[in-house]
């Protein structure tokens with residue numbers, strides 16, 4: 001029997017975030033909606049939501065022995081979100097089979113890394129004076145808009161001191177050959193030439209060696225497409241508002257902040 005609890009506004013925002021990002025860990029939810037990574041309030045509330053069958057949880061089979069719980073949107077949660085729009089779960093893109101497959105998918109590290117990138121942008125914007133994360137379009141919406149040319153992981157708008165930076169986001173786990181990653185920039189260049197959309201492309205990588213290698217091979221935009229690279233650790237701290245972005249092809253390896261990427 002499903003437990004009955006009153007959903008708060010924060011609960012609804014958690015459900016929406018799970019729908020958008022597909023999977024979030026307890027620390028990520030704690031950072032986004034509570035008072036930090038190790039928030040006990042986050043743990044308690046998520047368990048309450050699980051009792052109501054609005055969220056599900058799992059620990060990755062191939063994960064570290066002390067990996068945190070990973071949370072997904074459950075069917076009842078999808079019904080709640082859809083019902084508030086007068087739609088069905090299927091109409092908002094909820095697929096129970098896809099949710100189950102994610103638990104054992106080889107794409108799980110990419111999904112979690114991309115979610116952590118979002119968490120870093122969102123929390124750093126909150127902590128930075130006059131900054132805000134105005135937009136985060138997930139992969140599905142990006143594909144609808146630009147799928148004929150490119151398939152970014154996300155598209156964001158960062159606003160700081162009345163300056164807007166729109167950018168494509170590519171989260172790189174390091175598994176793709178460098179040549180294949182470099183080929184993406186040619187497609188971004190084609191998009192820019194056809195539509196005049198010359199938003200920077202932000203690559204977020206898992207370590208400094210991959211960063212160095214990508215900066216070497218990604219300078220193929222022909223001036224049409226600025227490409228900037230950072231590591232997930234740097235994005236998390238000190239954060240995107242700080243000078244952590246290295247432009248591909250820059251021999252001086254100058255580091256720039258978000259508002260310097262315009």
Inset, instruction - Within the range 42-88, track down each residue that is touching a helix residue (DSSP H, G or I) at 6+ places or on another chain (Cβ under 8 Å) and in a helix (DSSP H, G or I). - result: 42, 43, 45, 46, 49, 75, 77, 78, 80, 81, 82
Legend entry - Condition broken by residue 107, with the remaining ones in (1) surrounded by fewer than 17 Cβ atoms within 10 Å (Cβ to Cβ); (2) in contact with a helix residue (DSSP H, G or I) (Cβ under 8 Å, 6 or more places away or on another chain); (3) more than 18 Å from residue 165 (Cβ to Cβ) satisfied: (2)
Legend entry - Residues satisfying the stated conditions in the range 201-227, i.e. at pLDDT below 95 and part of a helix (DSSP H, G or I): 212, 213, 214, 215, 216, 217
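Kindly indicate whether any position in the range 128-145 is under 24 Å from residue 209 (Cβ atoms) and surrounded by 13 or more Cβ atoms within 10 Å (Cβ to Cβ). Reasoning before the result, please.
The first filter runs over the range 128-145 and keeps only residues under 24 Å from residue 209 (Cβ atoms), leaving none.
No, there is no match, as no residue in the range 128-145 is under 24 Å from residue 209 (Cβ atoms) and surrounded by 13 or more Cβ atoms within 10 Å (Cβ to Cβ).
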Inset, instruction - Consider only pairs whose beta carbons are under 7 Å apart and that are at least six residues apart or on different chains; among these, list those whose first residue lies in the range 198-216 and is in contact (Cβ under 8 Å) with a residue 60 or more places away in the chain and whose second residue is buried (at least 20 other Cβ atoms within 10 Å of the Cβ) and in a helix (DSSP H, G or I). - result: 204/117; 204/235
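Taking into account only those residues within the range 234-249 that are in a loop (DSSP other than H, G, I, E, B) and touching a strand residue (DSSP E or B) at 6+ places or on another chain (Cβ under 9 Å), which is surrounded by the most Cβ atoms within 10 Å (Cβ to Cβ)?
Of the residues in the range 234-249, the ones in a loop (DSSP other than H, G, I, E, B) are 237-244, 248-249.
If we keep only those that are touching a strand residue (DSSP E or B) at 6+ places or on another chain (Cβ under 9 Å) as well, we get 240-244, 248-249.
On the way: 240: 30, 241: 19, 242: 17, 243: 15, 244: 21, 248: 22, 249: 14.
Here the residue is 240.
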Inset, instruction - Give me a count of the residues in the range 1-40 that are at pLDDT 95 or above and part of a helix (DSSP H, G or I). - result: 21
Legend entry - Only listed residue being in contact (Cβ under 8 Å) with a residue 60 or more places away in the chain, outside the structural domain of residue 117 (by TED's automatic domain parsing) and touching a strand residue (DSSP E or B) at 6+ places or on another chain (Cβ under 7 Å), chosen from 46, 15, 32: 15
Legend entry - Search result, residues across the range 158-174 that are outside any strand (DSSP E or B) and within 19 Å of residue 248 (Cα to Cα): 172, 173, 174
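The values are calculated or read from the model by the stated rules, or taken from the named source; none is laboratory data. Just so we're clear, the structure is a prediction, and the values are computed from it rather than from any experiment. Reconstructed Cβ throughout: ideal geometry from the backbone, glycine too, with neighbour counts over all protein chains shown.
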